[in-house]
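Below is one structure, written out as structure tokens, with a few remarks after it.
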Amino acid sequence: MTSPILNADLHCHSVVSDGTLTPEDLAARAQANGVELWALTDHDEVGGQHRAIAAAHAQGMAYLTGVEISVTFADTTVHIVGLGFDPDNEQLAQGLAATRGGRGERALDMAEQLAKVGIKGAYEGALQFVGNPALISRTHFARFLVETGVCRDTPEVFRKYLTEGKPGYVPHRWASLGDAVRWITGAGGMAVIAHPARYKFTANEEFALFSEFKQHGGRGVEVVTGSHSASEYVTYAAMAQEFGLAASRGSDFHSPDESHTDLGTLPLLPGQLTPVWELLAERIRHPAAA
């Protein structure tokens, strides 16, 4: 279990947050694609973890508990993945509940902005795509705008409406980086910077993110992930080595119709890196223990 040569997918989303498949369907899809170690990492929510554990074991897969926490760093939303924690930890649950709390108000503000540019009923429309109303997000609005023909696909929605400077964009103040790392580590898990290439930081800002993350006790970074290019694998493999961080691998799969990277289909981690699962070996839940 301690080799980089492992088909581990440690980043994906179910209907509990903004994915379109149930934890059970995700587990079946992961197993069919050859995943050996799996984690469900819903946004700011651990409500699907016990289902995911049972589903993974039913499919004969090893499992690591997971979550993806939204934080604000340098006025940018950054995602921190937690792996291998106790899903019933009370401090983690309270922190995630506080982080989720602002989503409903933000969604109403987004709908109001969209109405001003002629798109009516966006809040009610987005709710049709929400499995958990407490986790309504930009993704749900995007699905509504595609379904109603306003845009061809979700990337067009984000380009035209839901990114900074466009109608429909409403910023959200998330948890702090330190809070998120402490919640994860306090629950016995490991904090991992998710898809670092997505943040478009300057070199100085990125250095600050990695430095502060490590100071707070963060221990990993996603090197191989669905939104990274081959050259970015190399860049963040080097960053992992520079900062002494373990490397993670995950598709960030949301939906068969929307995600261009399927569960379990990424390249393997570069061999010179320490995989996160090597450091989390005692936290992996094997089927035999089910």
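The values are calculated or read from the model by the stated rules, or taken from the named source; none is laboratory data. As the structure is a prediction and not an experimental result, all values here were calculated from the model. Cβ atoms come from the backbone with ideal geometry, glycine included; neighbour counts cover every protein chain shown. Accessible surface is based on the protein model in full, side chains and every heavy atom, while ligands, DNA and RNA are left aside. Shrake-Rupley method; radii C 1.70, N 1.55, O 1.52, S 1.80 Å.
Miscellaneous remarks
- Evaluation of ASP257 against the conditions (1) closer than 23 Å to ASP75 by Cα; (2) open to solvent by 40 Å² or more (accessible area, probe 1.4 Å); (3) of a type in the set (D, E, K, R) shows that the sole unmet condition is (1).
- Test: VAL181 is assigned to a helix (DSSP H, G or I), open to solvent by less than 20 Å² (accessible area, probe 1.4 Å) and under 22 Å from GLU45 (Cα atoms): yes
- Test: residue in the range 257-277 that is among the aromatic types (Phe, Trp, Tyr) and in a helix (DSSP H, G or I): yes
- If you go through the range 1-56 and keep only what is in contact with a Phe, Trp or Tyr (Cβ under 9 Å, 6 or more places away or on another chain), β-branched (Val, Ile, Thr) and more than 19 Å from ARG285 (Cβ to Cβ), you end up with just THR20.
- Within the range 23-44, the set of residues being modelled with pLDDT under 95 and either surrounded by fewer than 24 Cβ atoms within 10 Å (Cβ to Cβ) or more than 20 Å from ILE184 (Cα to Cα) (or both) comprises just one member, HIS43.
- Scanning the range 266-277 for residues that are over 15 Å from GLY220 (Cβ atoms) and either acidic (Asp, Glu) or out of contact with any Ser or Thr (no Cβ under 7 Å at 6 or more places or on another chain) (or both) gives PRO267, LEU268, GLY271, GLN272.
- Residue among GLY168, GLY188 that is in a loop (DSSP other than H, G, I, E, B) and within 30 Å of ILE284 (Cα to Cα): GLY188
- Residues in the range 192-212 that are within 24 Å of TRP277 (Cβ to Cβ) and either free of Cβ contacts under 8 Å to residues at least 60 places away in the same chain or open to solvent by 30 Å² or more (accessible area, probe 1.4 Å) (or both): PRO196, ALA197, ARG198, PHE210.
- LEU209 closer than 16 Å to HIS79 by Cβ and more than 17 Å from the chain's Cα centre (by Cα): yes
- Of all the listed residues (VAL117, VAL130, VAL78), the sole one being over 19 Å from the mean Cα position of the chain (by Cα) and among the β-branched types (Val, Ile, Thr) is VAL117.
- Residues of the range 163-173 satisfying the condition of being within 10 Å of ARG138 (Cα to Cα) and either at pLDDT 90 or above or open to solvent by 40 Å² or more (accessible area, probe 1.4 Å) (or both): THR163, GLY168, TYR169
- Residues (in contact with a helix residue (DSSP H, G or I) (Cβ under 9 Å, 6 or more places away or on another chain) and closer than 19 Å to ASN132 by Cβ) located in the range 55-76: ALA55, THR65, GLY66, VAL67, ILE69, SER70
- Looking only at the range 238-254, and only at residues there that are surrounded by fewer than 19 Cβ atoms within 10 Å (Cβ to Cβ) and among the small types (Gly, Ala, Ser), the one that is farthest from GLN215 (Cα to Cα): ALA238
- One residue alone among SER137, SER176 is more than 23 Å from HIS254 (Cβ to Cβ) and either buried (at least 18 other Cβ atoms within 10 Å of the Cβ) or touching a strand residue (DSSP E or B) at 6+ places or on another chain (Cβ under 7 Å) (or both), and that residue is SER176.
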